[in-house]
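Quick note: the coordinates plus some simple rules give every number you see, no bench work behind them. Bear in mind that the values here come from a model prediction, so they are computed numbers and not experimental data. Cβ: placed from backbone, ideal geometry, glycine included. Neighbour counts: every protein chain shown.
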Amino acid sequence: MARLLLHGRLLVAVLMIGVDMAAGQVADADDPLPEARPVPRVQVEPQPSGQASLRLEGREFARYHYDVSLRRPFVFPLIGPSGRSVTRMGHPRDPNGHSHHNSFWVSHHDVDGVDFWGDKGEGRILHRRVIEFEDTNEEARIAVANAWVDAEGRTMLDEERRMRFIPLADRQWLLVLDLRLNAVGKPRTLGKTPFGLVGVRMAKTIGVKDGGGRIRNSEGGINEAGVFWKPARWVDYAGRTSAETVEGITLMDHPSNVGHPNPFHVRDDGWMGACTTFAEPRTLTPGQPLVLRYGLLIHARVPDAAWLDEQFRAFAERPTN
């Protein structure tokens, strides 16, 4: 009997060691991983089919899509504090005519007459290479090189895109977008248009028309009537994402941007964009890139103007590197 008990205890001990090892744990407390480093809180994890998942402590809060089969790279979803996306793919009332509304995207309606904005245009923005995927405790970073090509595949613009995904308090977060556009081969003109360079398609339930949401800009304008094609430092779009939650996005035009404060193209149907060449065309000369910075603040509740002004000041003061 004693021998059986001893064998039983040995078997249990062996099984327990196996459980510890299977769980990735070290059974011997005196044998830690001496070279182990802390796991970053914020990570960018490359995925199949040209995607990268942004995660805070293992929880996805955004995803970047850059497969070369796409007409343009974009970020979808942008997940708010409740765990629901505050953006969508396509117009809720015209999904075919507005299939180019890719959540959060970069594009322009007229580059030397070539349309990069719509899905029926000749232009495409193609991913060329990853410059950086970086994880830290404070933020995750993505940097990529893109090419703006015409129908014959000739590169018109070289683009360097840098995105910083920065967690804030209460599961709110900030996306800082830095763009550097350089003309290739000869001067290239960004035509006069309200369509470009950045666009945001809000979730259907956040839209003023479909969900009863609210638009506010830095100058005190409310909803489309008060913000459409009006210059502003920021525009905020907020509404319900569930019966219990209200969330939104503040789109911010950095003070260093040419033309700041620029007009915003914002509609009650749930879309907003910052207009880089609304007032006049802009010609880019090779070797003299156009450098722009935008911020997207993904937030809870319907914030007041004072809080949004404070967030804009913090965005404006962030270092460029």
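Observations on the structure shown:
- Electrostatic dipole magnitude of the stretch 42-317 [Cβ: Lys, Arg +1; Asp, Glu -1; Cα centre; debye, to 20]: 360
- Rounded tilt (10° steps) of 2-22 against the dominant C-alpha axis of the chain: 10
- Per-residue ³J(HN,Hα) for the stretch 108-115, Karplus 6.51 cos²θ - 1.76 cosθ + 1.60, θ = phi - 60°, Hz, x for Gly and Pro: 7, 6, 8, 10, 6, x, 8, 8
- Separation in nanometres of the label points that stand 7 Å from Cα toward Cβ, at Thr245 and Leu168: 1.7
- Trypsin sites (Lys or Arg not before Pro) within the stretch 81-112: DSSP coil, no more than 13 neighbouring Cβ in 10 Å: Arg93
- Here's the picture: charge each Lys and Arg Cβ at +1 and each Asp and Glu Cβ at -1 in the chain, and of Val227, Asn217, Ala36 the one pushed furthest to the positive end of that dipole is Val227.
- Amide H contacts under 5 Å for Val246: Thr241, Arg301, restricted to partners 5 or more places along the chain or on a different chain, H placed in the peptide plane at 1.01 Å from N.
- q = 0.15 Å⁻¹: log10 I(q)/I(0) that the Debye formula gives for the chain, counting C-alpha atoms only: -1.22
- Rounded to 10°, Cα long-axis angle of helix 305-317 versus longest principal axis of the chain: 80
- Note on Val266, Val144, Val68, Val184: ascending count of other Cβ atoms within 10 Å places them as Val68, Val184, Val144, Val266, the fewest first.
- Amide H contacts for Arg41 (H built 1.01 Å from N in the peptide plane; partners 5 or more residues away or on another chain; cut-off under 5 Å): Asn137.
- Full extension of the chain segment joining Trp229 with Ala151 gains 25.0 nm, where the gain is 0.36 nm per residue of separation less the Cα-Cα distance.
- Gain on full extension, evaluated as 0.36 nm per residue between Glu57 and Arg180 minus their Cα-Cα distance, stands at 41.2 nm.
- Relative to one another, the C-alpha centroids of the stretch 162-198 and the stretch 88-160 are positioned 10 Å apart.
- Backbone amide hydrogens, once placed in the peptide plane, bring Ser218 within less than 5 Å of Arg233, Trp234, excluding anything fewer than 5 places away on its chain.
- FRET efficiency for Thr283 and Arg318, using Cβ-Cβ distance with R0 set to 30 Å, rounded to 0.05: 0.55
- With θ taken as phi - 60° and the Karplus curve 6.51 cos²θ - 1.76 cosθ + 1.60 applied, the whole-hertz 3J(HN,Hα) list for the stretch 136-153 is 8, 6, 9, 6, 10, 10, 10, 10, 9, 10, 10, 10, 8, 10, 8, 5, 8, x Hz, x standing for glycine and proline.
- In sequence order, calculated HN-Hα J values of the stretch 196-204 (Karplus, 6.51, -1.76, 1.60; Hz; x Gly/Pro): x, 10, 10, x, 9, 9, 6, 4, 4
- Annotation for the stretch 156-249: GluC sites (Glu not before Pro) lying in DSSP loop with at most 11 further Cβ atoms inside 10 Å of their Cβ are Glu244.
- Positive-pole candidate from Leu284, Gly196, Leu78, dipole of the chain, charges at beta carbon: Gly196
- Potential lengthening between Ser256 and Ala143 on full extension [0.36 nm per residue; Cα-Cα distance subtracted]: 38.7 nm
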